[in-house]
1. What number do you get for segment 168-207 when its Cα radius of gyration is normalised by 2.2 N^0.38 Å, N = residues?
2. Which value in nm describes the separation of the simple spin-label points at residue 210 and residue 250, placed 7 Å from the Cα toward the beta carbon?
3. Under the √(5λ) rule applied to the eigenvalues of the Cα gyration tensor, what semi-axes describe the equivalent ellipsoid of segment 119-263? Give them in Å, descending.
4. Between residue 16 and residue 51, 0.36 nm times their residue separation minus their Cα-Cα distance comes to what?
5. Please identify the trypsin sites (Lys or Arg not before Pro) of segment 187-261 that satisfy two criteria: DSSP loop assignment and at most 14 other Cβ atoms within 10 Å. Which are they?
6. In whole percent, and with a 1.4 Å probe on the protein chains, what portion of the accessible area of segment 175-218 is carbon and sulfur?
7. Give me the lysines in straight-line cross-link reach of residue 166: C-alpha distance below 16 Å, same-chain residues under 8 apart excluded.
8. Given a 1.4 Å probe, how much area per residue of segment 173-227 is accessible, in Å²?
Amino acid sequence: MRHYIYSLHSENDVEKITDDIYGQDMLETATTVVLQLFSSGMHKDILTRLSDFLIKNYPDLPVETVFVTTKTLNPEDNSDNATLSMMILENSEVTDIENQRFEYASEIEQDPLSEVYTRTEVEKVFNKLVEDSSVLNSALAFLDIDRLDQINVTLGHDAGDYVIRKTAAIVKETLRDSDVIGRWESEKFMILIRDVDRDTAANVIERIREKIEKEEFADVQDVTASFGLTMINAGQTGEEIFENADRALKMAKENGRNRLEVL
């Protein structure tokens with residue numbers, strides 16, 4: 001099973017999903033597609049549009065194998081935001097998948113400061129990518145904001161919080177909707193890039209590094225970040241992959257900061 005999560009903010013985001021499906025040949029070996037919309041109820045037409053798209057463009061997928069459900073991600077959320085979960089099954093039936101697979105997305109928590117996944121939630125995604133590594137190439141990167149402690153001491157914790165929020169926003173706007181960022185520690189983030197090779201992953205992280213370096217952070221001068229990147233390879237444990245990324249990050253810090261190291 002492959003699992004993609006998309007944040008929906010505009011009509012253009014629906015087009016991005018269909019472009020992803022075509023561009024990555026997502027459904028070439030699919031036997032079942034499961035769509036779930038988590039929304040306050042303002043986007044239910046999206047499910048119909050996507051279902052119609054699948055039926056029209058992938059006629060070999062029987063209509064009855066396209067399952068659509070809707071529920072509220074957060075009952076107290078009255079905003080117009082929506083999240084689409086798309087699961088692609090291969091040689092399996094929906095009944096083969098435990099109900100928890102469909103329910104866990106409703107429990108996704110965001111870090112209140114950075115508005116990205118919490119450590120617990122991003123670790124869940126990481127473990128799933130490790131599990132799927134034999135059929136899906138993915139990458140793990142750690143981002144560490146350089147000298148955040150110094151910013152907190154000289155300019156105050158409000159300035160440090162601002163840098164954390166803006167850094168997370170830069171990463172989110174650079175990544176695809178199918179990729180994930182979560183706050184790991186105070187100034188440290190985990191980035192997960194799905195369906196990617198080593199060179200492409202490095203190029204993505206390097207773009208993020210350059211954007212942070214060039215961005216103006218109001219009264220905070222010279223904000224930079226260091227990165228450690230590794231591939232999520234089949235045959236490795238999650239702990240081994242984690243240690244590779246963490247070691248690469250330490251190398252980046254030791255070699256002068258504001259740089260990417262790859263292991």
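1. 1.14
2. 3.0
3. Taking √(5λ) for each Cα gyration eigenvalue gives 26, 14, 14 Å.
4. Working it through step by step, the gained length comes to 11.1 nm.
5. 257
6. The value for segment 175-218 is 38 percent carbon and sulfur by accessible area.
7. Correct list for residue 166: 188, 211, 214.
8. Ligands and nucleic acids excluded, the figure is 46 Å² per residue.
The values are calculated or read from the model by the stated rules, or taken from the named source; none is laboratory data. Not measured: the values here are computed from a predicted model. Virtual Cβ from ideal backbone geometry, glycine too; neighbours counted across all protein chains shown. The accessibility values were calculated without ligands, DNA or RNA, using every heavy atom of the protein model including side chains. Shrake-Rupley method; radii C 1.70, N 1.55, O 1.52, S 1.80 Å.
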